Amino acid sequence: MLFNGSNLTASANDLEWNGKKWSIVNHFIPYTEAEVDAPDRFESDFMVQYLANKTLSAEATAVLDAGRTLWKAYFAHTDVRTVRDQYKLNRPDVGWYQIRNALAERNKSGDTAPVNFTPFEQAYQALTNKLRRRCSVWGFYGEALIFSSYTNTMQIEFDPAKDASNQIKHGLPLGMAVELDWESALNPSSPCQSTRGKTLCRQFLSAPQCACPACKRTRPSPLQHGAIRMRSHSRPPN
């Protein structure tokens, strides 16, 4: 949730607690110092290293790019003392909570050129919409969405006991999941098409009645819907 509105990441020096002074290091900066024109070194590059081997979606990349613009805008000016004290702006590795609030304070004061949050908000909303649609289909819909979607690989072990249970409860074997084209299933804007009998009806998410003449069902579950299409559309010879 690097850019979520509830993100409270921050850094600070000289915090007093239990008779001692403490420092907070921000490990969740997705940029290098050079990318955002920071005046000094970030103590941690954990998030940069974490994202280095991730393949981000176009929507997630747009959020990252828009966020970089806001980070650079923050470092372009030094805030007044009252704002620096309020948000503990005494380290270069400031967090998203500090940056968005400091920029908002500048916009209110009018002392600097206003910072436009609209491109970031639009990019973040586009990513939110994409993730919300996927979370709804996969059955773990939630209001708090992660900042990025990326390609990763997960090994799945077949469980015969669960397969038998699923057939009793739902009438379908779990092994049919390998036949589904999930990317097509999650794209409600594309027309219904069959590719080697593997593609789920692409209008399923946006229309109450599937346009595919082979399906003729109203709002089946995604797995049932895929099974109908796999039985209805024959595969070409190998």
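Derivation of every value follows stated rules applied to the coordinates shown; laboratory data play no part. Everything numeric here is computed off the predicted structure, so don't read it as measured data. Here the Cβ positions follow ideal geometry from the backbone for every residue, glycine too, while neighbour counts run over all protein chains shown.
The ranking of Trp17, Trp22 from fewest to most other beta carbons within 10 Å of each one's beta carbon is Trp17, Trp22.
For segment 6-11, the Karplus equation 6.51 cos²θ - 1.76 cosθ + 1.60, evaluated at θ = phi - 60°, returns couplings of 9, 5, 10, 4, 7, 10 Hz by residue, with Gly and Pro reported as x.
Modelled this way, with points 7 Å down the Cα-to-C-beta line, the labels at Lys108 and Trp22 are 2.8 nm from one another.
If neighbour count is taken as other Cβ atoms inside 10 Å, put Glu59, Glu35 in order from fewest to most.
Lowest to highest Cβ neighbour count: Glu35, Glu59.
Applying a DSSP loop filter and a limit of 15 other Cβ atoms within 10 Å to the trypsin sites (Lys or Arg not before Pro) in segment 1-51 leaves Arg41. For the residue pairs Lys21/Lys72; Lys21/Lys88; Lys54/Lys130; Lys72/Lys108, alpha carbon separations beyond 23 Å are given by Lys21/Lys72.
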